[in-house]
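The values are calculated or read from the model by the stated rules, or taken from the named source; none is laboratory data. Remember, predicted model here, so these are calculated numbers, not experimental data. In this analysis, Cβ positions are derived from the backbone assuming ideal geometry, glycine residues included, and neighbour counts consider all displayed protein chains.
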Amino acid sequence: MSEIPYWVRRGEAYEESFLKTPGIIAQEDALYRAVIVRPWRNALDAGCGFGRVSRLLANWRPGVSVDGFDPSARMCEAARDLGLGTVWETDIASFDPGGERWDLVVAAEVLMHVPPDEVVEAARSLLRLSRGWLVTADWSIDREVERDPHNWLHDYFDVFERCGVHVVDRVDAPPFQCVWVTTARIG
Ligand SMILES: C[S@@+](CC[C@H](N)C(=O)[O-])C[C@H]1O[C@@H](n2cnc3c(N)ncnc32)[C@H](O)[C@@H]1O
């Protein structure tokens with residue numbers, strides 16, 4: 001079952017607690033290494049939360065536009081305050097930008113919150129939003145990690161294979177995470 005109601009509630013006091021997450025610096029470093037070597041002029045931050053990754057993307061490549069979406073109204077408000085682009089209040093399954101696509105779609109710690117029976121469809125939806133790259137950061141199945149009910153350990157090589165694309169790069173983000181890069185080649 002979808003955990004979206006959890007995230008809508010969680011948006012209230014999220015930013016402060018999230019920034020204390022162990023490994024967040026390593027994850028940001030891995031995201032940087034994954035995106036900086038690739039050509040993109042605009043990006044979509046899927047499940048953008050309060051805009052942490054949107055802000056990083058805009059700093060790493062000045063002049064790009066960065067849009068985002070998130071199911072939590074409170075988090076969307078914080079992301080909009082950054083003034084980087086359009087922020088929609090919605091989730092992966094419902095997001096319909098009317099055929100618009102982005103060079104780069106990033107989903108940091110979002111697929112790990114999608115239950116196993118929905119994750120392939122969610123990954124497919126993210127791929128459809130990209131005309132270039134999809135970069136995801138999530139906990140890795142080869143890591144020792146104690147998980148809450150709203151966190152899942154997926155086999156992302158398998159998830160993306162089932163979407164019909166290959167993982168072209170995997171950047172380690174110790175202690176828990178990896179960043180996966182796929183090319184969006186599906187319709
Ligand atoms: C761990 S936070 C990460 C936030 C942001 N991506 C970051 O890295 O700072 C997970 C985010 O995913 C969002 N989320 C959870 N399920 C989602 C879904 N099905 N579609 C889109 N966003 C979702 C939550 O609202 C929350 O903002």
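For the reader, a short list of remarks on this structure follows.
- Among the residues of the stretch 129-151, the ones that are surrounded by fewer than 17 Cβ atoms within 10 Å (Cβ to Cβ) and either within 15 Å of the chain's Cα centre (by Cα) or β-branched (Val, Ile, Thr) (or both) come to 3 in all.
- Pairs with Cβ under 8 Å, 6+ apart, first in the stretch 41-65 and touching a residue at least 12 places away in the same chain (Cβ under 8 Å) and over 15 Å from Val135 (Cα atoms), second buried (at least 24 other Cβ atoms within 10 Å of the Cβ) and charged (D, E, K, R): Gly49/Asp70; Gly51/Asp45
- Leading residue by the ranking (nearest to Val8 (Cα to Cα)) among those in the stretch 43-65 that are under 13 Å from the mean Cα position of the chain (by Cα) and part of a strand (DSSP E or B): Ala46
This table checks each residue for (1) near the ligand (Cβ under 8 Å from one of its atoms); (2) crowded, with 23+ Cβ neighbours inside 10 Å; (3) closer than 23 Å to Tyr6 by Cβ.
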residue: Val66; (1), (2), (3): no, yes, no
residue: Ser72; (1), (2), (3): yes, yes, yes
residue: Trp88; (1), (2), (3): no, no, yes
residue: Ala107; (1), (2), (3): yes, yes, yes
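- Of all residue pairs spaced 6 or more apart or on separate chains, those with beta-carbon atoms under 7 Å, a first member in the stretch 95-107 that is under 26 Å from Gln177 (Cβ atoms) and a second member that is more than 16 Å from the ligand (Cβ to nearest atom) and among the small types (Gly, Ala, Ser) are Asp103/Gly132; Leu104/Gly132.
- Every pair of residues 6+ apart whose Cβ atoms lie under 6 Å, when the first sits in the stretch 148-162 and is charged (D, E, K, R) while the second is part of a helix (DSSP H, G or I): Arg162/Val120
- The number of residues in the stretch 38-52 that are over 14 Å from Asp81 (Cα atoms), at pLDDT 95 or above and either of a type in the set (A, V, I, L, M, F, W, C) or surrounded by fewer than 14 Cβ atoms within 10 Å (Cβ to Cβ) (or both) comes to 5.
- Taken over the stretch 91-105, the criterion of being closer than 17 Å to Val66 by Cβ and surrounded by 14 or more Cβ atoms within 10 Å (Cβ to Cβ) is satisfied by Phe95, Pro97, Arg101, Trp102, Asp103, Leu104, Val105.
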